[in-house]
Amino acid sequence: MKFVHVATRTSDLDRAVAFYERLGMKLTHKRELTKNKATLAFVEPPDGNFAIELVYNWGKDAAYAGGDRFGHFAFDVEDLDGVYAKLIAAGAGDLGRAPAPLQGEGPRIAFVADPDGNWIELIER
């Protein structure tokens, strides 16, 4: 298993990207999610050993409260169906996002909640 990224929401994507670039990170890719009405921007350090996913929910321009700002932890897994089933059977929170491609294409993902309610994204590339 490899830790992949952490997600946090922002009300100003350009400002957030600029901050992390000043910190020495680089914007590696952006993605528009038309169905979910959000823009995702991934910034990574030079060695690329993890990423921060900056999420801008379209039209949400006011500051987020601390609990609403954090998104999820994400992990690459080799057997998404198996890991998902194992976690659900062990009592992970079912967030209604079973294994499926994001918007019908790309890697398959699923979400579960840890015992404290933190969202965990599982990614099979």
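Every number in this text was worked out from the coordinates using simple rules, so none of it is lab data. If you're wondering where the values come from, they're calculated on a predicted model, not measured in any experiment. Quick reminder, even Gly has a Cβ in these numbers, built from the backbone with ideal geometry, and neighbours come from all protein chains shown.
A few comments on the model shown:
- Between region 56-84 and region 1-18, the C-alpha centres lie 9 angstrom from each other.
- With K and R counted +1 and D and E -1, the other residues having a Cβ less than 12 Å from that of Lys60 yield a net charge of 0.
- Dividing the mean sequence gap of close Cα pairs (under 8 Å, 6+ apart) by how many residues region 1-59 holds gives a relative contact order of 41 percent.
- Along principal axes, Cα extents of the chain, largest first, whole Å: 42, 32, 29
- Rounded to 10°, Cα long-axis angle of helix 13-22 versus longest principal axis of the chain: 80
- Based on Cα contacts under 8 Å between residues 6+ apart, region 32-81 shows a relative contact order of 25 percent.
- Assigned charges on the beta-carbon of Lys, Arg, Asp, Glu; region 1-59 dipole about Cα centre (debye): 200
- Between the Cα long axis of helix 80-89 and the first principal axis of the chain there is an angle of about 70°, rounded to the nearest 10.
- Entry note, the chain: the mean residue ellipticity at 222 nm calculated from DSSP H runs of n ≥ 4, each adding -39500 (n - 2.57), is -5000 deg cm²/dmol after division by the residues and rounding to the nearest 500.
- Listed residue (Thr39, Pro99, Phe50) projecting farthest to the positive dipole end of the chain, Cβ model: Thr39
- The chain - percent relative contact order, Cα under 8 Å, separation 6 or more: 25
- Each residue of region 1-59 gets 77 Å³ once the volume of the Cα convex hull is shared out per residue.
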